[in-house]
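Written out below as structure tokens is the structure these notes cover.
The values are calculated or read from the model by the stated rules, or taken from the named source; none is laboratory data. Source: prediction; values computed, not measured. Quick reminder, even Gly has a Cβ in these numbers, built from the backbone with ideal geometry, and neighbours come from all protein chains shown. Please note that ligands, DNA and RNA were not included when accessible areas were found on the heavy atoms of the full protein model with its side chains. Shrake-Rupley method; radii C 1.70, N 1.55, O 1.52, S 1.80 Å.
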Amino acid sequence: MSFLDRIRGPQDLRDLDGRELERLAEEIRGTLIHAVSRTGGHLGPNLGVVELTIALHRVFDSPNDPIVFDVGHQAYVHKMLTGRTGDLPTLRQRGGMAGYPSRAESPHDWVENSHASAGLSWAEGMAKGFRLRGEDRTVVAVVGDGALTGGMAWEAMNNISADPDLPLIIVANDNGRSYTPTVGGIAQALGAVRTDRRYEDVLDLVRRSISGTPWIGRTAYEWLHGMKAGLKDVLAPQGLFADLDMKYVGPIDGHDIGAVEQALQQAKGFGGPVIVHVRTQKGRGFKAAEDHVEDQFHSIGQIDAVTGAPLSSKTTQSWTSVFADAMLDLGRRRADVVAVTAAMLYPTGLHRFADEFPERTFDVGIAEQHAVTSAAGLASAGLHPVVAIYSTFLNRAFDQLLMDVALHRQGVTFVLDRAGITGPDGPSHHGMWDTSIAGLVPGLSLWAPRDAVRLTGALEAAAEIADAPTMIRFPRGGVPEELPAVEQHEGMDVLVRGADARVLVVAYGPMCRVATEVASRLTDQGIGTTVIDPVRALPVNRALITEAARHDLVISIEDGGEVGGLGSRLAQELRRAGVTVPLREFGIPQQFHDHASRDELLEDCGLNPQEIARYAVEAISSSDSDPVAPLR
Ligand SMILES: Cc1ncc(C[n+]2csc(CCOP(=O)(O)OP(=O)(O)O)c2C)c(N)n1
Ligand SMILES: CC(=O)[C@@H](O)[C@H](O)COP(=O)(O)O
Ligand SMILES: [Mg+2]
């Protein structure tokens, strides 16, 4: 039986000796590579925390001592050590193991939100809470160097550093990377601590010089050992945290289980907030990952478990790569166009713009709030910033969008990738709130392109707006074939013009294809149907109101939240115009949607032609004297 097979929970770790623990780490690495190369997922981050997580679960008593993972994408090893190795083959699949901690899976899991830089606030609150309730529990927060570039982490640190007996241990998991190398002064400061060896070099020098004479050696060693704390303070680099009067232990080799355990025990002994700074390597133990320049296999699809070569041959171009092409073309023609990313240069497709225009590309770290307001600053300086960001991560920068960009009427373009249902990353990753947010922002224009041609056109149009925010949203994955219009009308694209149309379907983005299929089903039932893509979804086009008034039923279909989404805004404008035609909005239901494939979840949301057409037939029939035969 392998060591890993013997681990049903953290208690089974405690009997293993150093050699056995190393064997266990090897087994965990092999299992991770084998499983995640098949399922896809965050292989690199998890390969980097194997020894760290083993040490954490040997020193602390989870779940009595909660272990909080910031972002949580690096919690696969934690899940394996808490009895879930067998679930790895179901990773990120419908009904399978979540890619982040999940309270439904285990009491060892505490925080499910995959949005970075929230972990320390969670841990600070938990530690205060347990202390107030008189519970003897230590909270441990594992936070990456990337997550430490997020402002929320420092809001928490400000409170933690002022609370000397808070039972909280912060493990700074410093692998020097977010996707690409982590940017900014904080990362540099961590790096300084990581690479500054004055203290160790002096110790090595003394050890070498006295190694031949035992009695001197023993005396000097005892002296050194006694002096160690003072010596370290004098010689060790005054790390980032020293000025906060935070106790600091490190830097520790995060792949040396014994050293990490010793550091964690030392930190535990302090009884108050401590930073344990561990140096790890993302992708450790898998050469293809270690050597992967882009992101050290931060997030992978299916790959060859030996070579690391991608297996899922992407046949269709991705929405992201269409944007990358359009952005590069725009940048070549417009010197005022600049790019802003929050530590996601490659995932958002800005890397090619950055290669050609490095001085016009700004990676601000995992700091979306700063990214948005800094973009307002760039616009006020006469530039046109394009902020490329995953839809879900814009949530945390709503105030900056509203009060810095829109209030100041700054021309900033937001390109929201992963808008709508994303799929495997689960509830905190679906981009289902951006359209509701957009609807609240005065002056904002939004495009939801249905294909590559419309995406390119939307970027061109958005870049022309210099006095208000603009937003372009598209989903994760492959871009569909071009869906040409049969007619242009007042800036809108008519995709189907039904004879004697009774039903108007207003469709946004990738749902336009669904809408044309709804139309063909209804036409087969003898119900004339018109399909319109507004192209510029917000503000609502007045011509759409006029079109709606000419029909007996209006249906809107969007890959966005149905509450307060684009359909809701259309309904509001119809009411305001006194148009009483019934309107039914089809969108993503207002709930947290678990992980599954994007197609599975869209089906669950009812965003398919069958269900929508069935609704339309029933609605028309119920309003008619001679009802139409129900759809089969
Ligand atoms: C608010 C937010 N922005 C962006 C992301 C996307 N993201 C996921 S992990 C990651 C990098 C995290 O780096 P780090 O904290 O150092 O963890 P590591 O992957 O190195 O273990 C990013 C940018 C996110 N999860 N949350
Ligand atoms: C953890 C995180 O937020 C990202 O790594 C995310 O998982 C990437 O999502 P995509 O795979 O859609 O790029
Ligand atoms: Mg990192």
| request: Collect the residues in region 112-122 that are away from ligand 1 (no atom under 12 Å from the Cβ) and either in contact with a strand residue (DSSP E or B) (Cβ under 9 Å, 6 or more places away or on another chain) or not in a loop (DSSP other than H, G, I, E, B) (or both), keeping them in residue-number order. | output: SER121, TRP122
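If I filter region 124-144 down to residues being outside any strand (DSSP E or B) and touching a Phe, Trp or Tyr at 6+ places or on another chain (Cβ under 7 Å), which single residue comes out as nearest to ligand 3 (Cβ to nearest atom)?
THR138
When region 251-263 is examined, which residues are found to be over 29 Å from the mean Cα position of the chain (by Cα) and open to solvent by less than 20 Å² (accessible area, probe 1.4 Å)? Quick ask: steps written out before the conclusion?
At the first step, the residues of region 251-263 found to be over 29 Å from the mean Cα position of the chain (by Cα) are 256-259, 261-263.
Within region 251-263, ILE257, ALA263 meet the criteria.
Within region 359-366, is even one residue within 15 Å of the chain's Cα centre (by Cα) and surrounded by 22 or more Cβ atoms within 10 Å (Cβ to Cβ)?
In the first step, residues of region 359-366 are kept if they are within 15 Å of the chain's Cα centre (by Cα); the result is 365-366.
Those still in the list that are surrounded by 22 or more Cβ atoms within 10 Å (Cβ to Cβ) too: 365-366.
For region 359-366, residues within 15 Å of the chain's Cα centre (by Cα) and surrounded by 22 or more Cβ atoms within 10 Å (Cβ to Cβ): present.
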| remark: Listed by range, helices (runs of 4 or more DSSP H) wholly within region 145-244 having at least 2 residues that are under 30 Å from TYR346 (Cα atoms), within 16 Å of ligand 2 (Cβ to nearest atom) and at pLDDT 95 or above are 151-160
| Scope region 479-507; condition part of a strand (DSSP E or B) and surrounded by 14 or more Cβ atoms within 10 Å (Cβ to Cβ); matching residues | HIS489, MET492, ASP493, VAL494, LEU495, VAL496, VAL503, LEU504, VAL505, VAL506, ALA507
| remark: ARG103 vs (1) open to solvent by less than 10 Å² (accessible area, probe 1.4 Å); (2) part of a loop (DSSP other than H, G, I, E, B): all pass except (1)
| query | Residues in region 44-65 that are more than 13 Å from LEU21 (Cβ to Cβ) and surrounded by fewer than 24 Cβ atoms within 10 Å (Cβ to Cβ): how many? | reply | 6
| task | Could you tell me whether any residue of region 556-577 is among the small types (Gly, Ala, Ser), open to solvent by less than 40 Å² (accessible area, probe 1.4 Å), in contact with a Lys or Arg (Cβ under 8 Å, 6 or more places away or on another chain) and not in a helix (DSSP H, G or I)? | result | yes
| field | Residues satisfying the stated conditions in region 80-100, i.e. among the aliphatic types (A, V, I, L, M) and either within 16 Å of ligand 3 (Cβ to nearest atom) or assigned to a helix (DSSP H, G or I) (or both) | value | MET80, LEU81, LEU88
| message | Can you report the number of residues in region 6-17 which are in contact (Cβ under 8 Å) with a residue 12 or more places away in the chain and open to solvent by 50 Å² or more (accessible area, probe 1.4 Å)? | response | 2
| In this structure, does ASP109 turn out to be open to solvent by less than 20 Å² (accessible area, probe 1.4 Å), away from ligand 1 (no atom under 16 Å from the Cβ), touching a Pro at 6+ places or on another chain (Cβ under 7 Å) and not β-branched (Val, Ile, Thr)? | yes
| Number of positions in region 466-478 that are open to solvent by less than 60 Å² (accessible area, probe 1.4 Å) and charged (D, E, K, R) | 1
| task | Could you please find all residues in region 64-79 being among the aliphatic types (A, V, I, L, M) and either not in a strand (DSSP E or B) or not assigned by the TED database to the domain that holds SER178 (or both)? | result | VAL71, ALA75, VAL77
| query | Does region 112-137 hold any residues that are closer than 24 Å to THR182 by Cα and surrounded by fewer than 17 Cβ atoms within 10 Å (Cβ to Cβ), and which are they? | reply | ASN113
| message | Quick check on this structure: which one of VAL405, VAL453 is β-branched (Val, Ile, Thr), surrounded by fewer than 20 Cβ atoms within 10 Å (Cβ to Cβ) and not assigned by the TED database to the domain that holds GLY95? | response | VAL453
| How many residues are without any contact (Cβ under 8 Å) to a residue 60 or more places away in the chain, in a loop (DSSP other than H, G, I, E, B) and either more than 19 Å from the chain's Cα centre (by Cα) or more than 16 Å from ligand 1 (Cβ to nearest atom) (or both) if we restrict to region 367-422? | 9
| task | Name the single residue, out of those in region 508-520 being assigned to a helix (DSSP H, G or I) and among the hydroxyl-bearing types (Ser, Thr, Tyr), that is least open to solvent (accessible area, probe 1.4 Å). | result | THR516
| said: Consider region 529-555. How many of its residues are open to solvent by 20 Å² or more (accessible area, probe 1.4 Å), β-branched (Val, Ile, Thr) and closer than 21 Å to ASP500 by Cα? | reply: 1
